[in-house]
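The values are calculated or read from the model by the stated rules, or taken from the named source; none is laboratory data. Remember, it's a predicted structure, so these values are computed and weren't measured experimentally. Counting neighbours? That spans all protein chains shown, and the Cβs are built from the backbone with ideal geometry, glycine included.
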């Protein structure tokens, strides 16, 4: 082993002696930074992953949309089915309606699905909290949880639906009669926007409300397991007729994804400063070491140690602190992630109470999803920052002249 | 003088002192042969350590020539001198300068580690040297666990590790009591003689100086016989 590495290791982890305080603090500093970065990126990744699951569970991995409403013909569906990656698909139509229950109005978005086919594409039944998807027919709707709560409607109640088509008829002096529909169920997805103001109904009811005849706004497509959404969307776009196009779940929600990605990157960027601060503390501690060991540095020169090797000895100390700190940080970070829900419960218990916590933050368990590339980025960043932290002390040590260093008091 | 291992001709050194220059060495001639021991005495500030630093190539003379073996060391850069120093000479200091984080054996081996590497031969030699200086049982003790005399013995063993041609010892007994100092000097002289290593001993102690083959005095920047 080259002597600068040997000496660096011995100075950080001396044999037969307790771990020096400087080493302990420096390693812990880097470790805490790494742990914090790992936990925060994993939790942000968890939210992103949860949102992705929610989007795919409500829209499918790919959505086919028409520039105008599409005619749901057998020929079009044959074209969609011809793409190898497609496992199942179902038409949808969407819009906005006015809902009224006991003189309480609401203006939710409405999604109409082909009930017979929807289960193969979207696992809606997983999100039904009251009632049943099987009870949904052309004279009933399923309300999102907060919408039902706001209206005071329960399963079995009848709500009135007013569509934009009715307004058109009203202009023509026709009598305005709302459509009375039964509440067949209540769902909760876990996404504030969807849970607050969404109605699910049959495709036929939606087509009736909007006077769309057999037209649809598009298709939700479920892909075969392992199929790449980008590849599938490209394959669909290659065969779809003009006026229709396929978008991946990511493209269909590009703005939302961009916000999520921005938040995640900002948090990552801000947390890098923790490691930068830790690196500065390494620089400061190593500088003190260089001053404390001035005569030792002189001795190394007197024994034939070249200035660059003396410098390497201090630089390598930064590297080893980075490696040890990163290892400690990864262990700590993964342990925190493992026990995150217990920790969140504990924090909630001592602050606002768990029920309030769930009510305001919409989750009872903290999601986490760790991406390998994030872990690699954290490791590379912390090791490089720690190694660079050793450069200034190393430069200072290399500048010391042995004859002056040996003479120093 | 074919066995001369270290030779200096007309070495001069001055230091700036305010607006003036302070002459420390004024044309010092010096030579030491293999296996020979030479002591240099002088008052504090007479330039003994400066001379030793120039002989060790740690500092540059203002004028003069220096030969390490047959090589004109004064023509080498400080970097080249550093590269050759580890093999050509060993140094023993008043304050021992052992590395506190490693044990006695590792301190002795450090010399070998810095000029090449450590293999079984070097490990055997370091153990033999420690045994020779009477510390066979203390090899795995850290410097902090050793007495002053023991630390200086480790420093002597370390200086001898790479079979240097010359040992430069700068007041090696300055931090030791009289008896321990005598023991260290006796040891230094013995092992240098055994290994045919030249010894240049800078000391204030007349008795120690007298034990060397030649005694020199540094006065007014010049070396004379003591």
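A few comments on the model shown:
- 2 or more residues within 15 Å of residue A:94 (Cβ to Cβ) and modelled with pLDDT of 85 or more: qualifying strands (runs of 3 or more DSSP E) within the range A:104-161: A:109-113, A:140-144
- Test: residue in the range A:41-48 that is modelled with pLDDT under 90, within 14 Å of chain B (Cβ to nearest Cβ) and assigned to a helix (DSSP H, G or I): no
- Residues of the range A:162-194 satisfying the condition of being more than 38 Å from the chain's Cα centre (by Cα) and part of a helix (DSSP H, G or I): A:165, A:166, A:167, A:168, A:169, A:170, A:171
- Hey, residue A:166 within 15 Å of residue A:110 (Cα to Cα) and either in the same structural domain as residue A:127 (by TED's automatic domain parsing) or surrounded by 21 or more Cβ atoms within 10 Å (Cβ to Cβ) (or both) or not: no
- Out of A:155, A:181, one residue alone is surrounded by fewer than 20 Cβ atoms within 10 Å (Cβ to Cβ), assigned by TED's automatic domain parsing to the domain that holds residue A:110 and closer than 24 Å to residue A:118 by Cβ. It is A:155.
- Within the range B:119-160, the residues that satisfy the criterion of being surrounded by fewer than 18 Cβ atoms within 10 Å (Cβ to Cβ) and part of a helix (DSSP H, G or I) are B:120, B:121, B:123, B:124, B:127, B:128, B:131, B:136, B:137, B:144, B:145, B:148.
- Members of the range B:59-108 found to be part of a loop (DSSP other than H, G, I, E, B) and under 25 Å from residue B:122 (Cβ atoms), listed by number: B:69, B:96, B:97, B:98, B:99, B:100, B:101, B:102, B:103
- Within the range B:15-37, residues that are farther than 19 Å from residue B:218 by Cβ reach partners that are surrounded by fewer than 15 Cβ atoms within 10 Å (Cβ to Cβ) with beta carbons closer than 8 Å, at six or more positions or on different chains, in the pairs B:16/B:22; B:33/B:1; B:33/B:3; B:34/B:3; B:34/B:196; B:35/B:3; B:35/B:193; B:35/B:196.
- Checking the stated criteria, residue A:327 turns out not to satisfy the condition of being within 26 Å of the chain's Cα centre (by Cα), modelled with pLDDT of 90 or more, outside any loop (DSSP other than H, G, I, E, B) and loosely packed, with under 13 Cβ neighbours inside 10 Å.
- Residue within the range B:96-107 that is more than 14 Å from chain A (Cβ to nearest Cβ), buried (at least 18 other Cβ atoms within 10 Å of the Cβ) and under 19 Å from residue A:302 (Cβ atoms) present: no
- Residue under evaluation residue A:402, criteria (1) closer than 30 Å to residue B:169 by Cα; (2) at pLDDT 85 or above, criterion not met: (2)
- Check on residue B:141, in contact with a helix residue (DSSP H, G or I) (Cβ under 7 Å, 6 or more places away or on another chain) and modelled with pLDDT of 85 or more: yes
- Within the range A:139-150, residues that are under 18 Å from residue A:162 (Cα atoms) reach partners that are assigned to a helix (DSSP H, G or I) with beta carbons closer than 7 Å, at six or more positions or on different chains, in the pairs A:144/A:194; A:144/A:195; A:144/A:196; A:147/A:196.
- All positions within the range A:70-85 that are surrounded by 17 or more Cβ atoms within 10 Å (Cβ to Cβ) and modelled with pLDDT under 85: A:70, A:72
- Boolean, residue A:36 is in contact (Cβ under 8 Å) with a residue 40 or more places away in the chain, in the same structural domain as residue A:162 (by TED's automatic domain parsing) and more than 30 Å from residue A:305 (Cβ to Cβ): no
- Scanning the range B:111-125 for residues that are at the interface with chain A (Cβ under 7 Å from one of its Cβ atoms), touching a residue at least 12 places away in the same chain (Cβ under 8 Å) and farther than 22 Å from residue B:171 by Cβ returns B:114, B:115.
- Meeting the requirement of 2 or more residues that are more than 14 Å from chain B (Cβ to nearest Cβ), the helices (runs of 4 or more DSSP H) wholly within the range A:227-318 are A:229-239, A:249-252, A:254-292.
- Restricting the range A:388-409 to residues that are surrounded by 21 or more Cβ atoms within 10 Å (Cβ to Cβ) and more than 14 Å from chain B (Cβ to nearest Cβ), the residue that is farthest from the chain's Cα centre (by Cα): A:397
- Within the range A:195-210, being under 21 Å from residue A:135 (Cα atoms) and assigned to a helix (DSSP H, G or I) holds for A:195, A:203, A:204, A:205, A:206, A:207, A:208, A:209.
- The conditions of being within 14 Å of another protein chain (Cβ to nearest Cβ) and modelled with pLDDT under 90 are met by residue B:48.
- All positions within the range A:2-14 that are in contact with a helix residue (DSSP H, G or I) (Cβ under 8 Å, 6 or more places away or on another chain) and within 8 Å of another protein chain (Cβ to nearest Cβ): A:3, A:6, A:7, A:10, A:11
- Residues satisfying the stated conditions in the range A:54-75, i.e. on the phi < 0 side of the Ramachandran plot and touching a strand residue (DSSP E or B) at 6+ places or on another chain (Cβ under 7 Å): A:59, A:61, A:62, A:63, A:64, A:65, A:66, A:69, A:70, A:71, A:72
- Residue check for residue B:70: farther than 18 Å from residue B:160 by Cα and more than 10 Å from chain A (Cβ to nearest Cβ): yes
- Boolean, residue A:308 is loosely packed, with under 14 Cβ neighbours inside 10 Å and within 30 Å of residue B:116 (Cβ to Cβ): yes
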